[in-house]
Amino acid sequence: MWKDDVKLAITDYCSNFIDSTIGDGSDCWRFTGFYGCPESGCRRTSWNLLRALADRSQLPWLCSGDYNDIADPLEKVGGPLRCISLINGFCNALADANLNDIQAVGAFLSYTYREGTVQCSNERLDRACSNATWDARFPDAISSNLVAPVSNHTPLLIETVGTQVREANRRFRFDNSWLEDDELGEVVLMSWQQGLGLDFIQRKDQLVKRVQYWGKNRNRMRWLQKERIKKRLGEISFSALSDGPE
């Protein structure tokens, strides 16, 4: 439920977005809940919609939701590779709309496809983005994914005030358990190849960032899998007790 002191007005909506303003007068800013077209052939429609929404207002703008797109190959783990033209198209749309990712804390991957099967994959389809004026107004804003054992999407929490970016200055620590995952080698190779043309320090920093990004998501997904298994075992135990002899 809304707090009594929150003034929100819906300005426009359709099946792909809900546009609103929060506050009033000079204190007003804009929030858009966005849903991108899930079909790959309609992605251009979503990208152009983002551009059109950006042109509607000069207010500080927060745009969050299920974009049904990823902005980096590392934002998908498992399954077939996402077409690079789709990734580039989405990144170009965000740039044209002057939208940047809000600082994310914890694991980024928010969507699980066909969990428990050989086709299983995890992707960062849900994200929070903002323009420069919104960033200036909420410089400490962060986003994080909550746990949702009964859904294939994790809820996105956006905190705007009184927050501290807890991991910004934390030193990189390598988790030895990552060595058991063959995908680590692929991440390292991809990052090193993409760093061609950079000097050694820049290339190394990019590699560390990619490995850290991948590792946090891997650990988060393992934890979520354990939680879902625990929940399922609890349901089975309860069912067995309910069906047992009186």
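The values are calculated or read from the model by the stated rules, or taken from the named source; none is laboratory data. None of these values were measured; they are calculated from a predicted model. Methodologically, a virtual Cβ is constructed for each residue, glycine included, from the backbone with ideal geometry; neighbour enumeration extends over all protein chains shown.
A few comments on the model shown:
- Cβ pairs under 7 Å, 6+ apart, first in the stretch 38-51 and farther than 15 Å from residue 19 by Cβ, second aromatic (Phe, Trp, Tyr) and surrounded by 19 or more Cβ atoms within 10 Å (Cβ to Cβ): 47/90
- Residues within the stretch 119-151 that are farther than 22 Å from residue 40 by Cα and out of contact with any Phe, Trp or Tyr (no Cβ under 6 Å at 6 or more places or on another chain), tallied: 20
- Residue in the stretch 216-237 that is at pLDDT 85 or above and of a type in the set (Ser, Thr, Tyr) present: no
- Some residue of the stretch 98-107 being outside the structural domain of residue 183 (by TED's automatic domain parsing) and out of contact with any strand residue (DSSP E or B) (no Cβ under 9 Å at 6 or more places or on another chain): no
- From the list 209, 204, the lone residue that is within 17 Å of residue 124 (Cβ to Cβ), without any contact (Cβ under 8 Å) to a residue 24 or more places away in the chain and not assigned by TED's automatic domain parsing to the domain that holds residue 145 is 209.
- Just one of the listed residues (66, 72, 27, 19) is among the acidic types (Asp, Glu) and surrounded by 20 or more Cβ atoms within 10 Å (Cβ to Cβ), and it is 19.
- Considering 31, 90, the condition of being touching a residue at least 24 places away in the same chain (Cβ under 8 Å) and either touching a strand residue (DSSP E or B) at 6+ places or on another chain (Cβ under 7 Å) or in the same structural domain as residue 188 (by TED's automatic domain parsing) (or both) is satisfied by 31 alone.
- Residue match in the stretch 131-151 (condition: charged (D, E, K, R), modelled with pLDDT of 80 or more and either touching a strand residue (DSSP E or B) at 6+ places or on another chain (Cβ under 6 Å) or under 24 Å from residue 187 (Cα atoms) (or both)): no
- Within the stretch 15-42, considering residues that are within 17 Å of the chain's Cα centre (by Cα) and assigned to a loop (DSSP other than H, G, I, E, B), the one farthest from residue 59 (Cα to Cα): 38
- Verdict on residue 189 being modelled with pLDDT of 85 or more, surrounded by 10 or more Cβ atoms within 10 Å (Cβ to Cβ) and not assigned by TED's automatic domain parsing to the domain that holds residue 62: yes
- Residue 71 being in contact with a Phe, Trp or Tyr (Cβ under 9 Å, 6 or more places away or on another chain) and in contact (Cβ under 8 Å) with a residue 60 or more places away in the chain: no
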